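These notes concern the structure reproduced below.
The values are calculated or read from the model by the stated rules, or taken from the named source; none is laboratory data. Because the structure is predicted, anything quoted here is derived from the model rather than measured. Note that each Cβ is placed from the backbone with ideal geometry, even for glycine, and that neighbours are counted across all protein chains shown.
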Amino acid sequence: MKTISSVVEYYIKKKPFLQSALSQGIINLTSLSRIIRPEIEDTLGKEVRNGAVVMALKRLSDDLEFRATHKIVKVLKNIGEITVRSSLTDFTFLVSNSILENQTRLLKEVNKNKDVFYTSSRGVNELNIVVSNSLDDTVESLFKAEKCTQKAENLSSITVKLPAENVSVPGIYYFIFQRLAWEGIVLYEVISTTNEFTILVNDEQVDSAFKTIKDLKSL
């Protein structure tokens with residue numbers, strides 16, 4: 001049987017930004033209840049008092065606040081080293097039979113200079129390569145027979161070391177990327193390993209992105 005509380009919770013969970021704002025107590029519950037009450041009434045098939053919706057939102061916000069700040073914040077407070085690299089270029093190529101061979105040749109060039117940045121990820125149809133812009137000509141030469149679908153320049157990377165318990169706590173990445181989205185930061189790429197992730201942003205937004213991530217440690 002559907003209840004006001006269950007319907008309100010389902011409505012809020014469909015809207016991540018609203019859910020987060022509610023958990024932080026920055027929304028006027030009375031105003032919100034007036035906005036969502038028509039949809040709640042449609043779902044329940046009956047009239048609902050505004051006060052009942054407010055009470056459901058209050059109970060939900062208390063629960064969300066606990067869930068959002070207990071385990072997640074504990075992990076974020078233990079964020080490790082944050083490393084920033086600038087002057088990067090992001091290449092995207094279509095996967096082909098020869099692309100791994102060309103990537104091997106690129107790695108040999110990368111190994112000749114330990115100071116350059118290199119990272120790569122492969123999907124089903126695309127291969128992504130991020131390198132220091134000093135290697136742009138090398139990449140274009142080695143991959144000249146490949147189909148390049150995108151090349152983005154003047155980028156910076158931010159690499160974040162996460163504590164080991166991040167793999168057992170749901171919502172860590174959502175919490176981080178939500179904050180970045182709130183600041184209007186565009187992510188060109190997200191590359192992750194078990195306890196580390198790297199985001200690629202425009203050079204103009206790297207300072208804001210770095211501050212946003214760093215501030216998570218002081219929540």
Fill in the blank from the handout: Taking the range 1-22 and the residues there that are modelled with pLDDT of 85 or more and of a type in the set (Gly, Ala, Ser), the one that is surrounded by the most Cβ atoms within 10 Å (Cβ to Cβ) would be SER5
Exercise for the section: Determine, yes or no, whether SER61 is modelled with pLDDT of 90 or more and not β-branched (Val, Ile, Thr). Expected result: no
Exercise for the section: Identify, from the list GLY25, GLY80, the residue that is loosely packed, with under 14 Cβ neighbours inside 10 Å and modelled with pLDDT of 85 or more. Expected result: GLY80
